[in-house]
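K.L.:
Just dropping this structure here.
Nothing in this text is a laboratory measurement; each read-out follows from the coordinates by a stated rule. Quantities reported herein were computed from a predicted structural model and do not represent experimental measurements. FYI the Cβ positions are ideal-geometry reconstructions off the backbone, even for glycines, and counts take in every protein chain you see.
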Amino acid sequence: MIKRKFYRAEWEEGREAAGLQALADGPQARSLVERGELMTAAAFKWRNQLFLYYECMGRDVLPEELACEAVPCLKDWPGQAKPRKWVEMADVFHFNEPASEEHWLRKEPVERRVGRVAHLKPEMIASYVYYHYQLQEERAFFGDKYEIIAIHENLLFGYQEFPKVIEEPIVPGRLATKGTPENWNDSRMDLHFQPWEDDGYLYFKPIEQVFAYYIGDLKPDNNRVSAREKRTP
């Protein structure tokens with residue numbers, strides 16, 4: 001079964017450039033995809049932070065395995081007795097979910113993989129989760145198969161692929177209710193987000209990709225097709 005994972009980390013002061021270069025040059029993420037342990041692996045940067053999105057195809061791969069080259073350049077994150085470099089983010093919304101490896105393989109080339117971030121107003125987090133879980137599990141309307149949003153504190157990190165794939169989920173919804181507003185605009189998502197003061201974005205804004213790998217590109221016998229993407233800092 002495919003498991004989708006998200007992590008957030010922060011650079012030590014003055015170490016971001018070295019860490020990004022180590023990630024761009026390092027073989028570990030690509031190797032995990034080539035060996036069939038990950039279907040997709042991607043990293044994105046924003047301000048002094050680093051985000052990982054990846055899809056485990058068997059065992060739970062740790063972020064230290066995927067991005068081990070960056071670890072010496074990352075801060076310790078507080079909050080637990082044992083020091084940690086990575087904080088796991090929680091899946092807060094998706095339109096679709098993996099039913100099997102075959103179901104989750106991309107059937108058409110992926111032109112772009114996009115990471116994006118947004119901040120919720122702290123007092124609106126519960127409302128955001130309520131509306132989105134209801135939409136997700138009632139299957140109120142269909143959306144982008146591979147889009148997913150994760151949360152840590154009041155920060156949202158989203159992952160998308162383009163062109164979008166819109167299809168009905170195979171996995172049944174977990175709610176039998178019909179509470180999602182018929183007009184999604186009635187949920188007033190505009191009231192849930194902290195506005196960006198610097199660049200005019202209303203909700204989410206895109207962030208820069210560090211690397212992205214997909215198994216169908218690195219292992220052609222696995223079928224299908226998305227062009228490999230890799231960008232240096």
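K.L.:
If I take every Cα pair under 8 Å that is 6 or more residues apart in segment 49-175, average their sequence separation and divide by the length, what percent do I get for the relative contact order? Walk me through the numbers before you get to the answer.
P.N.:
Details: 159 pairs, mean separation 37.6, N = 127.
After rounding, I find 30 percent.
K.L.:
Also, I was wondering about something else. As an exercise, take the mean of 1/r over every pair of distinct alpha carbons in the chain, invert it, and state the Kirkwood radius in angstroms. Intermediate values should be presented prior to the final figure.
P.N.:
Details: mean 1/r = 0.0538 Å⁻¹.
One decimal place: 18.6 Å for the Kirkwood radius.
K.L.:
Ok, one more. Which longest uninterrupted range of the chain lacks any GluC sites (Glu not before Pro) assigned by DSSP to a loop state (not H, G, I, E or B) and surrounded by at most 15 other Cβ atoms within 10 Å? List each step's numbers first, then the result.
P.N.:
On the way: sites that count: Glu12, Glu13, Glu111, Glu153, Glu167, Glu182, Glu197.
Maximal segment without exposed cleavage sites: 14-110.
K.L.:
Related question: Would you look at the GNM of the chain, springs on alpha carbons closer than 10 Å, and say which of Gln80, Gln136, Gln49 moves the most?
P.N.:
With Cα springs under 10 Å in the chain, the top fluctuation among Gln80, Gln136, Gln49 is at Gln80.
K.L.:
Something else: Relative to 2.2 N^0.38 Å, what does the C-alpha radius of gyration of segment 42-173 come to as a ratio? Two decimals please.
P.N.:
On the way: Rg = 16.1 Å, N = 132, 2.2 N^0.38 = 14.1 Å.
Normalised by 2.2 N^0.38 Å, the Cα Rg of segment 42-173 equals 1.14.
K.L.:
With an 8 Å Cα cut-off and a minimum separation of 6 or more residues, compute the relative contact order for the chain in percent. Don't skip to the answer; put the middle values down first.
P.N.:
Working: 475 pairs, mean separation 62.0, N = 233.
Relative contact order comes out at 27 percent.
K.L.:
Helix-only mean residue ellipticity at 222 nm, the chain, DSSP H runs n ≥ 4 weighted -39,500 (n - 2.57), per residue, nearest 500. What is it? Kindly include the intermediate steps, with their values, before the conclusion.
P.N.:
Details: 6 runs with 43 residues, N = 233.
Calculated at 222 nm, the ellipticity per residue is -4500 deg cm²/dmol.
K.L.:
On a 30 Å Cα-Cα criterion, which of the cross-link pairs Lys75/Lys205; Lys82/Lys164; Lys5/Lys205; Lys85/Lys178; Lys82/Lys205 come out too long?
P.N.:
Cα-Cα > 30 Å for Lys82/Lys164; Lys85/Lys178; Lys82/Lys205; rest within.
K.L.:
Let me ask something else. Have a look at Tyr53, Tyr131, Tyr159 and tell me which one the Gaussian network model of the chain (Cα, springs below 10 Å) gives the largest fluctuation.
P.N.:
Answer for the Gaussian network model of the chain: Tyr131.
K.L.:
In debye, nearest 20: dipole of the chain around its Cα centre with unit charges on the Cβ of K, R (+) and D, E (-)?
P.N.:
Numbers: 32 positive and 39 negative charges, 58 e Å.
Computed charge dipole of the chain: roughly 280 debye.
K.L.:
Taking the alpha-carbon centroid of each part, what is the distance from segment 70-130 to segment 168-189 in angstrom?
P.N.:
21 Å
K.L.:
So if we plug the beta-carbon distance of Leu175 and Leu202 into 1/(1 + (r/R0)^6) with R0 = 45 Å, what FRET efficiency do we get, rounded to 0.05? Before the final figure, lay out the partial values.
P.N.:
Details: r = 29 Å, r/R0 = 0.64.
Working from the Cβ atoms, E equals 0.95.
K.L.:
What residues qualify as long-range amide H neighbours of Lys85, i.e. H under 5 Å apart, gap of 5 or more or another chain, H built at 1.01 Å from N?
P.N.:
Trp77
K.L.:
Report, in cubic angstrom per residue, the convex hull volume of the C-alpha atoms of segment 96-187. Walk me through the numbers on the way to the answer.
P.N.:
On the way: hull volume 10.6 nm³, N = 92.
Expressed per residue, the convex hull around the Cα atoms of segment 96-187 is 115 Å³.
K.L.:
Full-extension gain between Lys82 and Glu108, please, as 0.36 nm times their residue separation minus the C-alpha to C-alpha distance.
P.N.:
Working: separation 26, 0.36 × 26 = 9.36 nm, distance 4.28 nm.
My answer for the length gained is 5.1 nm.
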